[in-house]
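Report on one structure; see the data block that follows.
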């Protein structure tokens, strides 16, 4: 059964994480994604190793590029630019994450491309935004985790600021980008007109602060670092059991009473020191110490099962291997296998959204560099083998082929 975005064509000029992840999501939903890469090396993340796939390619690239067709084009070559214009003419969406102004300098900016295709959705992603005093600055995820304030609220109270263990702001930006593209396509369905979308890692990172942002904007409070704990709820954090860590939270009085029962301390529910969440927050240090003393009498999974039976939100703190070996994760097919042309059979993360009528599906493995160049030029642009060979000789697809 076709995916919900069947017959949607995306010209993907983005690299690294945010743009490629956005287009990978759209590919999973059935869109055709043509990944345009630089002939020398391609997407930077192809070199972000170790770890490696079985064929030596960077595993990082595999995370955000499955289901795409790779074509190499030299964007500075006049005939390379002409190829991009031809792809845009037959496309629905273009996404890029060059430094602001780069596409205009190449002669491939929004003003030019909308004349080629008035229905085009053009999505530009940058570090700090296309305007303002920082528009020229580079904006990798780690830099933005610091700039946006995220690192200032991540880590233990007395420790140094800590980066989240994945490129979280890149991922958040990808989600905003894919949603904005779908919204713009909905508008095009009504009006027939494309539009220009512009996102930055900075703005998406700030938007992701949610309650930490409003704590300051509304309440005037600057949130500090709480480790795994919650600034406004107790208990709601990681605790050490006898053989590992678990996360458990009691977000209301009913759950607090259930928590006390499971813990074997029903008297705590009537203790005036803990009679409301505000009082428990005030007594945080003492209460957390007493909770941990009881939790360390049993194993982690035993406590998780007991809390789950009582209807409490609780779960183990897994490492990555434990995640993919978990029976619930397996049942929900959050790891899928694909056949890669050089790495063989590889496992990749599954699709988190389950469509009832138009199911999403992994469209294929991550491409090797330029794997589909001839195929795209032939099938999408209608070029003959002789014309493709002539393009290769010109250098538009990379270095000219030696005679």
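Here, each number is a calculation from the coordinates, and none is a lab measurement. Fair warning: this is a prediction, and the values are worked out from it, not measured in the lab. So basically every Cβ, Gly included, is an ideal-geometry build from the backbone, and we count neighbours across all protein chains shown.
Sorted fewest first by neighbouring Cβ atoms within 10 angstrom, 283, 260, 123 come out as 283, 260, 123.
Just need the Rg to Rh number for segment 128-279, please, alpha carbons only, Kirkwood Rh. Write down the numbers at each step before the final one.
Working: Rg = 21.0 Å, Rh = 18.9 Å.
Reported Rg/Rh, Kirkwood definition of Rh: 1.11.
A viscosity of 1.567 mPa s and a temperature of 4 °C, combined with the Kirkwood radius over Cα pairs in Stokes-Einstein, give a translational diffusion coefficient for segment 1-78 of 99 µm²/s.
Only Cα pairs under 8 Å and 6+ residues apart enter the sum, and on that basis the relative contact order of segment 276-403 stands at 9 percent.
Cα centroid separation, segment 124-160 to segment 199-268: 23 Å. State, as an integer percentage, the relative contact order of segment 1-61 based on alpha-carbon contacts under 8 Å between residues 6 or more apart. Averaging sequence separation for qualifying contacts and normalising by length gives 31 percent for segment 1-61.
Rounded, prolate or oblate: pick one for segment 211-276, where a ≥ b ≥ c are the square roots of the eigenvalues of its C-alpha gyration tensor, a/c under 1.5 means rounded, and failing that, prolate if a/b is larger than b/c, else oblate. Don't jump to the answer; show the numbers that get you there.
Details: a/c = 3.09, a/b = 1.54, b/c = 2.01.
Taking the square roots of the gyration eigenvalues as a ≥ b ≥ c, segment 211-276 is oblate.
With contacts taken as Cα pairs under 8 Å and at least 6 residues apart, segment 1-154 reaches a relative contact order of 21 percent. In units of the compact-protein estimate 2.2 N^0.38 Å, segment 67-137 shows a Cα radius of gyration of 1.15.
Based only on other Cβ atoms within 10 Å, what is the fewest-to-most ordering of 112, 342?
Fewest-to-most Cβ neighbours within 10 Å comes out as 342, 112.
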